[in-house]
Amino acid sequence: MGGFTTYSTLAVDGAQMLGSGAPALGAVYLLGSVLAGGIAAWAGIAVATALRPDAGADCSPGADSDLVATSDAGPATHPSTDPRSGEGR
């Protein structure tokens, strides 16, 4: 079963179909497999978002965050753990 989940199997099967005189079937197989994989990924993300709508909400680009950069341009830290911020604790 594991062999059917790898890209190499998809590539070999598709190449064999394309080269065996059935190029239309090979193209449908390849494009259909990639499209089905994309739809499955989208569906999984949609289900996960529906189950946990707040998960990852602050991970989108440009989202506000409670992280503040340190004054020496070091890594961002949370105000409650940055001794230089004067906040938290």
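Couplings for the range 7-16, taken from phi via the Karplus curve 6.51 cos²θ - 1.76 cosθ + 1.60 with θ = phi - 60°, read 5, 4, 5, 4, 5, 5, 4, x, 5, 5 Hz in order; Gly and Pro are left as x. Each residue of the range 37-52 was assigned a 3J(HN,Hα) from its phi angle through the Karplus expression (A = 6.51, B = -1.76, C = 1.60, θ = phi - 60°), giving x, x, 5, 5, 5, 4, 4, x, 5, 5, 5, 5, 5, 5, 6, 9 Hz with x at Gly and Pro.
Any read-out appearing in this document is the output of simple, stated calculations on the displayed coordinates, not a laboratory observation. Worth saying up front: this structure is predicted, and the values here are computed from it rather than measured.
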